[in-house]
Amino acid sequence: MTELAKLVAISKSFGGVRALVEADFDVKAGEVHALLGENGAGKSTLMRVLSGEMIPNDGEIHLGGERVELRDPRDARARGIAVIHQELALAPDLSVAENIFLGELPGVIGWKDLNRRARQLIERLGFDIDPKRIVGSLAVAHQQIVEIAKALSRDVRIIVFDEPTAVLSTQDAERLHEIIKGLRANGVGVVYISHRLEEVFRISDRVTVMKDGQVVGTVATRDVTIDKVIRMMVGRSLAAMFPDKGERKIGAVRLEASKLNAGRMVRDVSFSLRAGEVVGLGGLVGSGRTEVARAIFGADPLDSGTILLDGKPLHARSPRDAVKAGIGLVPEDRKQHGVVLDKPIRINVTMARLAEVVNGLGFLKSAKESGLVGDLARSLKLKAESIDAPVSSLSGGNQQKVVLAKWFHAGGDVIILDEPTRGVDVGAKSEIYGLVNKLAEANKAVLVISSEHQELFGLCDRVLVMGEGELRGELRPESYSEENLLSMAMTGRLTETHEGMPS
Amino acid sequence: MTFLTSKAESNAKPASETAGGFRFADYLQRFGTLGIFLVLVVVASLWSDAFLTKINILNVLRQVASGAGIMAVGMLFVILTRGIDLSVGSIAALGSVLTGYFCTISGFGIAMTTFLVILSGAACGLVTGAFVAYLRLPSFVMSLAMMAVARGLSLIISDGRPITLGDQGAAFTNFGSGHWFGMPQPVILMFAVFIVGGIVLNFTRFGRVITAIGSNEEAVRLSGIAVPRYVLAVYVISGALAAVAGIISSSRTGVGSSQVGVAAELNVIAAVVIGGASLMGGRGGVINTLLGALVMGIIANIMNLAGVPGYHQQVYMGAIIVVAMLLQYGSGSLKT
């Protein structure tokens, strides 16, 4: 098979963070080459280099045996490289035909001809979509077909699919796989990024596994098993930075969620949290973890399902209802959702329970507030000039402590932490772990969402695992391992050596 | 503060640098408007001997009080939540017409008339606010619609003609021309509104929440605060204060007129923005807003003293607003 593209020793850094470290990758004509790795392993960055969206700091790009420099996406596109992004890059208010030929529309548009050519392209993919339809009105699966047709509208030699089936139903995914097989038969090189290992094994010829910006290895798919690939993807061990869990005194059930459904990303999710217990919610990014948290908190509407809080039904139609009932949420996106960045620490900390620092007429009790916030700042070891300093003047870890202080002040019994240590340096991480322990000691029920598996294992009494909006199972400390977690998230079962363990 | 770890111990050096940057910007933010105000006062008194006379100063204050002044407090509240209220000028006209209508045609007393007029303004604000807060329509469009509706109502009620207050409205005209301690009563009312506005903004839950909403509405919502209620309230307050401005206008001129407050919303917004409030919400203060309104008043006054023809004044006014904004925002952007 001819080699279409070859990336040699590609390195890329953002600030001090090394996103790619001497990564090698190649694509041959007529193959499906799967690219695997955990979130943040460097897959997308590597593909951005191939598509000209990102210029590497170091390394060589060869196309058709010739060394090239890709300066921008147009450059790559002209050389026959197309990317179908996970977030589709279509103009929702334009028609199908306009989208397909966007970027090469003539000054005067011959609609008849344009629509005819668009129809031909779509029919070649085995679909029937009216070229005059507005793209925004199409189902996601059909939008993806438009995106593929757009890629095929020009001479294309390599197509990169970035998690294409994440948004598709099983049936649509099957049809997409037929299209990919067709492309392969026509000599196109296909790069396929997916977290669904089973489909990767079904359609790919070779697999490349990435981890921490490096390529772990490239193997022929028929020579490996799913478990082997999962082992290639994990294997890092973090320093022991977790506080001793001690003997947690786990009490009665505080929160019981049953058959929760919310949108596409939360499907029939049932679980319970007990007082004094720290429960993890693991799985890959986009598996519906955040959506579960938001639905319980009333930030997103719940389609169906019931939530019992201390045995009483809770109908949180807004975060206000949830906070009143005693639930707190430390959101994933700290700066957008967690804090009011340009306002002082004081204002942020008391916001979830202003009643405590306000008199009957609505006037603020400033002295009392200073005392309360000062006490919390001290007990959380907040590093700040004063409680009147804006939150934006704090480091990431200390900003997160402000969010935690807010929920300590609110005093609820159920605390949900979504990626509590994202963007936090190592020292502050350890302190935040200590605070999570403190929440449990105070007899609160704690749910921790994290993409860092070691964090879940280090903190939690048990870990619930999600995949594609469903709860796939539960890991107990005796079966804690990255292999088990990934395997459960991707395939719904434990790795072979652990089959039959309690779940 | 002793209970917090000192800055020197903090391992987050970049953070403390940002803190320093913030203080510099704060300084400009806080005193930028005062600087513009002082420069204008100096320029005006050098320009004309008539400027720094008691009569002229009181005249400026009275104009501000019946013009942008009182409405600027309501507008500040709206802008703090990241909204805008274009309907204030029209609501002032409605307030002016209703003042004439209620006290001469309906024959209500001063208290009843005042109450009903303010209630009408608040009702207009309630409609705007309900659509903005609960149906999440853009405040720009919604208040633009209310601007047309309120102006139309004032024309319908007055039949397009001024309503003379006459003897029944004597209490209003006495207020419009009366003095307390040598200060025109409308000016005292304006200061009172600013003082109350300042107290609300700085010392109450309401003030704190609306400022936070403008900075980051989602974070406030996720803290369990009923954001829509607060958003609704600022439009009600803005509408009510616009009606008060209408009452003052009638009191000064002795007529209820549907021609009051044409293009006033622009002056009001300019006053708030010259006062350093951010149209992106979350930033602004009462004292600076008052200074902003006074700056607008002084500029108009200087041009009158200098004998600039009325039509030309608008062009200069526009140019001077741009200069004032450059001083405000240009200096603010130095930090980046």
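A short reminder: the numbers here are calculations on the coordinates, not readings from a lab. Remember, it's a predicted structure, so these values are computed and weren't measured experimentally. Methodologically, a virtual Cβ is constructed for each residue, glycine included, from the backbone with ideal geometry; neighbour enumeration extends over all protein chains shown.
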Cα centroid separation - region A:83-135 against region A:332-367, whole Å | 50 Å
Summing +1 for each Lys or Arg and -1 for each Asp or Glu, what net charge is found among the other residues whose Cβ lies under 13 Å from the Cβ of A:ALA410?
-> +3
Please compute the Cα-Cα pair-distance distribution of region A:3-233 with 10 Å bins starting at 0, giving whole percents from short to long.
-> 8, 32, 35, 19, 5, 0
Excluding residues fewer than 8 places away in the same chain, name every one of the aspartates and glutamates whose C-alpha is closer than 17 Å to that of A:LYS312.
-> A:GLU256, A:ASP321, A:ASP413
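In what sequence do A:ARG493, A:ARG320, A:ARG222 fall when counting other Cβ within 10 Å, fewest first? Can you show the working numbers first?
On the way: A:ARG493 15, A:ARG320 19, A:ARG222 9.
So the residues, fewest neighbours to most, are A:ARG222, A:ARG493, A:ARG320.
Using Cβ contacts closer than 10 Å as the measure, can you line up B:PHE140, B:PHE172 from fewest to most?
Details: B:PHE140 12, B:PHE172 23.
By the 10 Å Cβ count, ascending, the order reads B:PHE140, B:PHE172.
Set the Förster distance to 51 Å, then compute FRET efficiency between A:LYS312 and B:ASN202 from the Cβ-Cβ distance, nearest 0.05. Write out the running numbers ahead of the final one.
Numbers: r = 39 Å, r/R0 = 0.77.
Approximately 0.85, to the nearest 0.05.
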Karplus-derived HN-Hα couplings along region A:470-487 (A = 6.51, B = -1.76, C = 1.60, θ = phi - 60°), whole Hz, x at Gly and Pro = 10, 7, 8, x, 9, 9, 9, x, 5, 10, 5, 6, 4, 4, 4, 5, 5, 4
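Have a look at the DSSP beta bridges in chain A and tell me what percent are antiparallel, nearest 5. List each step's numbers first, then the result.
Values: 43 of 77 bridges.
For chain A, the DSSP antiparallel bridge percentage is about 55.
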Rounded tilt (10° steps) of B:13-47 against the dominant C-alpha axis of chain B = 30 degrees
Please give every one of the lysines within straight-line cross-link reach of A:LYS249, meaning a C-alpha to C-alpha distance under 18 Å, and leave out same-chain neighbours fewer than 8 residues apart.
-> A:LYS438, A:LYS444
Using alpha-carbon positions, what is the distance between the centroids of region B:65-137 and region A:1-77, in Å?
-> 62 Å
Sorted largest first, the C-alpha extents of the protein assembly as shown along its principal axes in whole angstrom are 101, 74, 50
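Counting only DSSP beta bridges with both residues in the protein assembly as shown, tell me the antiparallel percent, nearest 5. Please list the in-between numbers first.
Details: 48 of 82 bridges.
Bridges in the protein assembly as shown are about 60 percent antiparallel.
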Report the equivalent ellipsoid semi-axes for region A:255-498 in whole Å, largest first, defined as the square roots of five times the eigenvalues of the gyration tensor built from alpha carbon atoms.
-> 31, 21, 15
Assign one of three labels to chain B, namely rounded, prolate or oblate, based on the Cα gyration tensor with a ≥ b ≥ c the square roots of its eigenvalues; rounded applies when a/c is under 1.5, prolate when it is not and a/b is larger than b/c, and oblate otherwise.
-> oblate
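Could you work out the helix-only [θ] at 222 nm for chain A, with each DSSP H run of four or more residues adding -39,500 (n - 2.57) and the total divided by the number of residues, to the nearest 500 deg cm²/dmol? Before the final figure, lay out the partial values.
Numbers: 16 runs with 160 residues, N = 503.
That comes out to -9500 deg cm²/dmol.
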Scan around B:THR164 for amide H atoms under 5 Å from its own, H built in the peptide plane at 1.01 Å from N, and keep only partners 5 or more places away or cross-chain.
-> B:GLY256
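What average number of partner chain Cβ atoms lie no more than 10 Å from the Cβ of the residues making up A:383-394?
6
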Sequence of A:MET265, B:MET296, B:MET303, B:MET142 once ranked by neighbouring C-beta atoms within 10 Å, starting from the fewest | B:MET303, A:MET265, B:MET142, B:MET296
Here the whole-number average of other chain Cβ atoms within 10 Å per Cβ of A:330-340 is 4
Average partner chain C-beta neighbours within 10 Å, per residue of B:197-210?
-> 3
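Of the beta bridges DSSP finds with both residues in region A:3-233, what % are antiparallel, to the nearest 5?
Working: 23 of 40 bridges.
Roughly 60 percent of the DSSP beta bridges within region A:3-233 come out antiparallel.
Among the trypsin sites (Lys or Arg not before Pro) within region A:1-93, which fall in a DSSP loop and have no more than 12 other Cβ atoms within 10 Å of their own Cβ? Write down the numbers at each step before the final one.
Working: sites: A:LYS6, A:LYS12, A:ARG18, A:LYS28, A:LYS43, A:ARG48, A:ARG67, A:ARG71, A:ARG74, A:ARG77, A:ARG79; in loops: A:ARG71, A:ARG79.
In loop regions of region A:1-93 (DSSP not H, G, I, E or B), the sparsely surrounded trypsin sites (Lys or Arg not before Pro) are A:ARG71.
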Of all the Cα-Cα pairs you can form in chain A, what percent are over 33 Å apart?
-> 48 percent
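Net charge near A:ILE81: determine it from the other residues with C-beta under 10 Å of the C-beta of A:ILE81, scoring Lys and Arg +1 and Asp and Glu -1.
Details: positive: A:ARG77, A:ARG79, A:ARG157; negative: A:ASP75.
Overall, the nearby charge balance is +2.
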Separation of region A:448-488 and region A:379-420 by C-alpha centroid, Å?
-> 26 Å
So which of A:LYS245/A:LYS324; A:LYS211/A:LYS429; A:LYS43/A:LYS245; A:LYS28/A:LYS132 end up more than 32 Å apart by C-alpha?
-> A:LYS43/A:LYS245; A:LYS28/A:LYS132
Environment charge at B:MET142 (Cβ cut-off 11 Å; Lys +1, Arg +1, Asp -1, Glu -1) = 0
